[in-house]
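What follows draws every value from the coordinates through simple rules; no lab data is involved. Just so it is clear, the structure is predicted and the values come from calculations on it, not from any experiment. We place every Cβ from the backbone using ideal geometry, glycine too, and count neighbours over all the protein chains shown.
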Amino acid sequence: MEENAVQQAPGAVDPNAIDPTLIDPMADATFLELAADFFQAGGAFMWIIAIAWVIGIVIALERFLSLKKLDVDGSSFMNELQRYVLANDIQGAIRVCAGSVAALPKVLHSGLKRTTQSMDQVQNALDATALEVIPKVERRLPYIAMIANIATLLGLLGTIFGLIGSFKSLASVEASEKAELLSKGISEAMNTTAAGLIAAISLMVIHSILSSKSERIVSSIDEFSVKLLDLIGTKKEKDQVA
């Protein structure tokens, strides 16, 4: 009977019997282990970058929760107020505003309380409250962008210090080991640059999202303050004609 399989030559190594970890020592390493090795290789600057990133994330989380409370659907809210105002139920409109903690209702609430006074006083009330509320909407957002820039610079600074240390260590080793030691030192020094960029990119994306939400809230305050002023002025003119 003829053999269908070709016998393996004496001394040959079965590919299936090779341990993949002998070819790639990192084959069995988990993501957390790789991340830990990457972090440790970067040295002390990795801790500084990590602390800066955590501070940025904490600020971003606080801003996200605050903006969520301060935000409201301006169009729907204004339509509800308009029904009360046109029905000559100013007190009902005031109660609707008082029942919300969002930024827009607080501004409009101050204007509605002045409806019995002149239009200039209504506008002054709206402007004064807007000047009080808008800084609360934009509070601490610049810190996130600043921390993102700092993280990038810390990464570069860590790389510079790492390279300086690598070149200094070459003076005490033999020529045959210099190339290997230098390549290893440069590789480790680049870890801080990578970590700084990762921290900076994530914080910049978060800052962009929060800034967009903040700008939308401020724009709604400007837009619907003018609309409320026009609504009150129009109603007063109709009342005078009647």
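Assigning unit charges at the beta carbon (Lys, Arg +1; Asp, Glu -1) and nothing else, what dipole magnitude in debye, to the nearest 20, does the stretch 102-205 show about its Cα centre? Intermediate values should be presented prior to the final figure.
Numbers: 9 positive and 8 negative charges, 91 e Å.
Taking the Cα centre of the stretch 102-205 as origin, the dipole is about 440 debye.
Label point 7 Å out from Q121 along Cα-to-Cβ: which residues of the stretch 81-114 have amide N under 20 Å?
85, 88-95, 107-114
What's the magnitude of the charge dipole for the chain around its Cα centre, counting Lys and Arg as +1 and Asp and Glu as -1 at the beta-carbon? Answer in Debye, nearest 20.
In total the dipole reaches around 1980 debye.
Are there any GluC sites (Glu not before Pro) in the stretch 152-200 that are in a DSSP loop and have at most 15 other Cβ atoms within 10 Å? List them by number. Walk me through the intermediate numbers first.
Working: sites: E174, E177, E180, E188; in loops: E174.
Hits after loop and neighbour filter: E174.
Run lengths n ≥ 4 of DSSP H only: what is the helix-derived mean residue ellipticity at 222 nm for the chain, with -39500 (n - 2.57) per run over all residues, to the nearest 500?
Values: 9 runs with 191 residues, N = 242.
Roughly -27500 deg cm²/dmol at 222 nm, from the helical runs in the chain.
Rank by packing, highest mean first: peptides 199-207, 102-110, with packing defined as the count of other Cβ atoms within 10 Å averaged across residues. Before the final figure, lay out each step's value.
Numbers: 199-207: 19.6, 102-110: 23.2.
Descending mean neighbour count gives 102-110, 199-207.
Students often get this wrong, so check it: of K69/K238; K68/K227; K68/K235; K113/K236; K136/K227; K68/K236, which have C-alpha atoms separated by over 25 Å?
Numbers: K69/K238 36 Å; K68/K227 23 Å; K68/K235 33 Å; K113/K236 14 Å; K136/K227 22 Å; K68/K236 35 Å.
Listed pairs above 25 Å: K69/K238; K68/K235; K68/K236.
Out of I206, L70, S187, whose Cα points farthest toward the positive end of the dipole of the chain (charges: +1 Lys, Arg; -1 Asp, Glu; placed on Cβ)?
L70
With each label point set 7 Å from Cα along the Cα-Cβ vector, what nm distance links V58 and Q82?
About 4.5 nm separates the two model spin labels.
Counting only complete DSSP H runs, which helices of the chain cover 24 Å or more along their long axis at the Cα atoms and score a mean Kyte-Doolittle of 1.6 or above?
Working: long enough: 44-70 (40 Å, 1.72); 119-138 (28 Å, 0.07); 141-169 (43 Å, 1.49); 175-241 (99 Å, 0.25).
Answer set is 44-70.
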